[in-house]
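Here's the structure, in structure tokens; my notes come after.
Since every read-out is calculated from the coordinates, none of them should be taken as a lab result. It should be emphasised that the depicted structure is a prediction, and the values quoted were computed from it without experimental measurement. Neighbour counts run over all protein chains shown; Cβ positions are idealised from the backbone, glycine included.
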Amino acid sequence: MQPSPTDRPAPSRLVASVAGRADLITAGMTARGLTAAVRGGRLLRPRRDHYLPPDAHPHQVEAVRCGGRLDCVALLALLGVFVLETPQPHVQLERDATRLPAPARGVIRHWRATVAHPHAAVVPVPEALAQAVRCQGARAAVATLDSAWHLGLVDEAGIREVFGLLPRRYGVLRGVLDRRSESGTESLVRLILRGFGCRIELQVRIDGVGRVDLLVDGWLILECDSVRHHSDWSAQVEDRRRDLAAAALGYTTVRLLADDVFRRPDWVREQLRRVVAQRPAVHDSGRSGAGGRRSRLRASPRTVVPES
């Protein structure tokens, strides 16, 4: 028999703070009621005097059990920020914390101070971003910062705060951030193209085509496709019509798969190097539409798909 909707467990959620026993009793619960709520699954008690709602995310429950707060890429992923790898629980712990329980296997602990409230179950976003920069490679760190900025989780002042929490050597990353990147894939591809010395424009609107992810050197359209946004046939039909319209205007279109960008970056880099090397020798670029760019190429227009 299929369970009814009320029988299904609620989805996990991110909890801002931990409730203490005194807090709950002040709110009207009794000591006996607390015990019954924990035994009945209506409250979680990861450690003594620390209570969470039953639908708290397992990573957050483990962080509280360890004596800390959810941190770094684990927190950012739950906030919808791009992180390259599926994160394990990352936990912030005070440097002077003692007599803490042993963490579960796979938990990554970060021993550092925080400005978070003592009852907070998560660290502030700028702190999590600074830690994520340390925990990831440079390209993935840029993609994470781009994502958080694009989502509005930090603004210009927040980005300054992030770099203020990092050693000066990380400052070089600040100059390559771009909050216009709408996906981690776009950020990673943009960084590859920067290494080739290309001129890159993001989220360009072209008359007759629409908005494209990246326009490279005025002639090459790069679209970053993922299963999430391109899995149904209607989306693929629209993509093909856009590609044809772009080809009719003289653009070359390349569609990159997010999975290849994440898992086969060296192969993608080599394929893109070969594509950009085919730049038409003669072209006349001009602005068109609302902020878009139209390239009238006198070379034969075509749509390129990298070979596997």
How would HIS50, HIS119 line up from fewest to most surrounding beta-carbon atoms within 10 angstrom? HIS119, HIS50
Ranking request for peptides 154-162, 52-60, 93-101: highest mean number of other beta-carbon atoms within 10 Å first, then the rest in descending order. 52-60, 154-162, 93-101
Calculate the spin-label point distance for ARG274 paired with GLN203, positioning each point 7 Å from the Cα along the beta-carbon direction, and give it in nanometres. 3.3 nm
With 0.36 nm assigned to each residue of separation and the Cα-Cα distance removed, ALA113 to ASP232 gains 38.2 nm
If I take every Cα pair under 8 Å that is 6 or more residues apart in segment 114-231, average their sequence separation and divide by the length, what percent do I get for the relative contact order? 18 percent
Which distance in nm do the two modelled labels at SER17 and ARG105 give, with both placed 7 Å along the Cα-to-Cβ direction? 3.7 nm
Over the chain, what is the mean sequence separation of C-alpha contacts under 8 Å (at least six apart), divided by residue count, expressed as relative contact order in percent? 11 percent
In deg cm²/dmol, rounded to the nearest 500, the helical mean residue ellipticity at 222 nm of the chain, built from -39500 (n - 2.57) for every DSSP H run of length 4 or more, is -10500 deg cm²/dmol
How much length is gained if the chain between ARG194 and ASP260 is pulled fully straight, taking 0.36 nm per residue apart and subtracting their Cα-Cα distance, in nm to one decimal? 21.9 nm
Averaging over every viewing direction, what projected area does the convex hull of the Cα atoms of segment 60-176 cover, in nm²? 7.2 nm²
A chain fully extended from ARG169 to ALA27 at 0.36 nm per residue, minus the present Cα-Cα distance, gains in nm 46.3 nm
From the C-alpha coordinates alone, can you work out the Kirkwood hydrodynamic radius of segment 128-249, in Å? 15.8 Å
